[in-house]
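Report on the structure given below.
The values are calculated or read from the model by the stated rules, or taken from the named source; none is laboratory data. Here the structure is a predicted model, which means the values were calculated and not measured. Please note: Cβ atoms are built from the backbone with ideal geometry, for glycine as well, and neighbour counts cover all protein chains shown.
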Amino acid sequence: MTEFRNFIDGQFVSGRGDGFANHFPTTGEVIGEIRAADKAQVDQAVGAARAALKGPWGRMSVPERIGLLRKLADGINARFDDFLAAEIRDTGKPRSIASHIDIPRGAANFNVFADQVATLGTESFAMPTPDGTGALNYAVRTPRGVIAVICPWNLPLLLMTWKVAPALACGNTVVVKPSEETPATATLLGEVMNEVGIPAGVYNVVHGRGPGCAGEFLTTHADVDGITFTGETRTGEAIMAAAARGVRPVSLELGGKNPGIIFDDADFDKTMEGIGRACFANTGQVCLGTERIYVQRGIFDRVAEGLADKARSYRFGDPFDTVTTMGPVISAEHRAKVLSFYDKARSEGANLVAGGGVPDLQGYEGGYWVEPTVWTGLPETSPVISEEIFGPCTHLTPFDTEEEAIALANNSPYGLATSIWTENLTRAHRVAGQVEVGISWVNCWFLRDLRTAFGGSKASGIGREGGIHSMEFYSELRNVCVKL
Ligand code: NAD
């Protein structure tokens, strides 16, 4: 059985905190043990990260750092199969997803932010002075220091490197706390860090749960200079409170209840393909996923049936088998949460268009499976429509006018993403500008240019990451004013 050890100051060390089991979601079997870092080990990790800022890493030129970032991308790709197997065993997600999204994009993040830092400039202002000689202001970009990186379990490597890569590109050091559900790829990345010559202490990993454990020890640590977090909105609130002490900056990428809007002139096949993925990809465990869809009345039944066909088309099974297209959800606990919403929909009288239960899968009875599910008929006040479920399920509500669709979409405390489907591009632009979200997709979903601003409005987050926006969070400008 694998023991997932912490990675502190370039060394793998067994945790001295709680030990707990790591499960293979496909079967529920125990495949590893996580040894959480205790408070003293989190202290050590933060201390190592602090010390590394003053070591060779802190003295490195930007081109040298870029060279190491590119080696990290190459290093992950050189061990692609190890990362792939680790991610699949942690999450149960099919190879078809992990080999196309999680691992390649997890590696690519290092190249993306190497490119970004290579061309990064700062501002300069010449100013007049009363004596006529003038003064020159220019900004120097400095690393923030030690960054705490707190990650979720749904896209473990991809979302971790989305933060670690720009943090390192800007010259920071990091202490990563992966999700307790998915410790594997963050740990494996420690090996690659050593292989490519990242100095000890630059990248540290502490395992464990959040509250009262490694997560909280890290986010409340006085020597952490900034916190970047992706996860649930409720956890984001706790992290923001922790960051208030010492006035540390936070970047929060939080939950969502993303609306899809389908107009009656949408290209039906393209829409079904895109919205189907938006509802069911990664077993619905994508923060950008679409759990409520507003459909113009004239095509409502056709869309409901089209989506039901998509829901029924998935193949469950061995995630290492290339024919498998849908995996289980991450844990027994998460399955219980998702199924509680399935029960709620039933008790509130939803019309079940597809799914609604647990698939009957011989040989995988212990796994955390749920059926992709489509409902109609619930009022907008239902928790099924207002709360994030984070499962492979969606609810369809009809609308008549554009104004009504926008109002329905905006009727949520969340504001992460939307996808709008119409062949009328004037309307598409008009609607995209009015839905209160950080990311609006038109006739597509999850199409990502990594230079663009990524983040949520309202309760879906604070700040933007991606491209220059990541650079702004992971570095600080120091203005120098020179009297001439
Ligand atoms: P979570 O909030 O339960 O946990 C995320 C991480 O925070 C874990 O590592 C956990 O151990 C840690 N944590 C929990 N409590 C903590 C505390 N008090 N102090 C410090 N750390 C703590 O989220 P999850 O269940 O792992 O992930 C799913 C959620 O993430 C969903 O809500 C989803 O929408 C969101 N998400 C958002 C984005 C985005 O970009 N906006 C991307 C992916 C996932």
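Being among the hydrophobic types (A, V, I, L, M, F, W, C) and crowded, with 22+ Cβ neighbours inside 10 Å is the filter here; which residues of the stretch 98-113 pass it?
Taking the stretch 98-113 as the starting set, the residues that turn out to be among the hydrophobic types (A, V, I, L, M, F, W, C) are 98, 101, 103, 107-108, 110, 112-113.
Once the filter is applied, which keeps residues that are among the hydrophobic types (A, V, I, L, M, F, W, C) and crowded, with 22+ Cβ neighbours inside 10 Å, the stretch 98-113 yields 98, 103, 107, 110, 112, 113.
Go through the residues of the stretch 75-85 one by one and say whether even a single one is closer than 24 Å to residue 158 by Cβ, among the basic types (Lys, Arg) and out of contact with any Ser or Thr (no Cβ under 8 Å at 6 or more places or on another chain).
Checking the stretch 75-85: at least one residue is closer than 24 Å to residue 158 by Cβ, among the basic types (Lys, Arg) and out of contact with any Ser or Thr (no Cβ under 8 Å at 6 or more places or on another chain).
Would you be able to tell me the number of residues in the stretch 1-33 that are more than 26 Å from residue 199 (Cβ to Cβ) and of a type in the set (A, V, I, L, M)?
4
Residue 271: part of a helix (DSSP H, G or I) and closer than 29 Å to residue 94 by Cβ, yes or no? So that I can check it myself, show each step before the final result.
Working: part of a helix (DSSP H, G or I): yes; closer than 29 Å to residue 94 by Cβ: yes.
The answer is yes for residue 271.
Hey, can you tell me all the residues within the stretch 324-356 that are closer than 15 Å to residue 90 by Cα and hydroxyl-bearing (Ser, Thr, Tyr)?
The one that is closer than 15 Å to residue 90 by Cα and hydroxyl-bearing (Ser, Thr, Tyr): 331.
Limited to the stretch 180-200, what total is found for residues that are of a type in the set (Gly, Ala, Ser) and surrounded by 24 or more Cβ atoms within 10 Å (Cβ to Cβ)?
Count: 2.
Quick check, is residue 264 in contact with a Gly (Cβ under 8 Å, 6 or more places away or on another chain), of a type outside the set (Ser, Thr, Tyr) and surrounded by fewer than 22 Cβ atoms within 10 Å (Cβ to Cβ)?
On the way: in contact with a Gly (Cβ under 8 Å, 6 or more places away or on another chain): yes; of a type outside the set (Ser, Thr, Tyr): yes; surrounded by fewer than 22 Cβ atoms within 10 Å (Cβ to Cβ): yes.
Yes; evaluated as a whole, the condition is true for this residue.
Please verify whether the stretch 276-285 includes one or more residues that are aromatic (Phe, Trp, Tyr), crowded, with 24+ Cβ neighbours inside 10 Å, assigned to a helix (DSSP H, G or I) and within 16 Å of the ligand (Cβ to nearest atom).
Taking the stretch 276-285 and keeping what is aromatic (Phe, Trp, Tyr), we get 280.
Filter again for crowded, with 24+ Cβ neighbours inside 10 Å, leaving 280.
After this cut, where a residue has to be assigned to a helix (DSSP H, G or I) as well, the list is 280.
Right, trim to within 16 Å of the ligand (Cβ to nearest atom) and you get 280.
Yes, that holds for at least one residue.
Looking for whichever is surrounded by 19 or more Cβ atoms within 10 Å (Cβ to Cβ) and either β-branched (Val, Ile, Thr) or out of contact with any Lys or Arg (no Cβ under 9 Å at 6 or more places or on another chain) (or both) here; the options are 358, 370. Which one fits?
Result of the check over 358, 370: 370.
So, in the stretch 464-484, how many residues would count as being under 22 Å from residue 108 (Cα atoms) and not hydrophobic (A, V, I, L, M, F, W, C)?
9
Where residues in the stretch 429-484 are in contact with a strand residue (DSSP E or B) (Cβ under 8 Å, 6 or more places away or on another chain) and aromatic (Phe, Trp, Tyr), which of them is surrounded by the most Cβ atoms within 10 Å (Cβ to Cβ)?
Per the stated criteria, the residue is 474.
Count, please, the residues in the stretch 216-260 that happen to be more than 9 Å from the ligand (Cβ to nearest atom), crowded, with 20+ Cβ neighbours inside 10 Å and of a type in the set (A, V, I, L, M, F, W, C).
3
Inspect the stretch 162-182 for any residue being more than 25 Å from residue 225 (Cα to Cα) and not polar (S, T, N, Q) and give the result as yes or no.
Within the stretch 162-182 (the criterion being more than 25 Å from residue 225 (Cα to Cα) and not polar (S, T, N, Q)), the answer is yes, since at least one residue qualifies.
Kindly establish whether residue 340 is within 16 Å of the ligand (Cβ to nearest atom), more than 20 Å from the chain's Cα centre (by Cα) and over 23 Å from residue 151 (Cβ atoms).
Spelling it out, residue 340 is indeed within 16 Å of the ligand (Cβ to nearest atom), more than 20 Å from the chain's Cα centre (by Cα) and over 23 Å from residue 151 (Cβ atoms).
Suppose we filter the stretch 124-167 for residues that are surrounded by fewer than 15 Cβ atoms within 10 Å (Cβ to Cβ) and either closer than 27 Å to residue 450 by Cβ or within 16 Å of the ligand (Cβ to nearest atom) (or both); how many remain?
Qualifying residue count, the stretch 124-167: 2.
Consider residue 402 carefully, then state whether it is among the acidic types (Asp, Glu), touching a Ser or Thr at 6+ places or on another chain (Cβ under 6 Å) and surrounded by 14 or more Cβ atoms within 10 Å (Cβ to Cβ).
So residue 402 does not fit the description; no.
Could you check how many residues of the stretch 286-325 are more than 16 Å from the ligand (Cβ to nearest atom) and closer than 28 Å to residue 398 by Cα?
Total satisfying the criteria: 22.
Wholly within the stretch 35-117, which helices (runs of 4 or more DSSP H) include no fewer than the required count, namely at least 3 residues that are at pLDDT 95 or above and touching a strand residue (DSSP E or B) at 6+ places or on another chain (Cβ under 7 Å)?
Working: elements: 39-54, 56-59, 62-78, 80-91.
The helices (runs of 4 or more DSSP H) meeting that bar are 39-54.
Looking at residue 333, is it within 30 Å of residue 469 (Cβ to Cβ), modelled with pLDDT of 95 or more and within 16 Å of the ligand (Cβ to nearest atom)?
no
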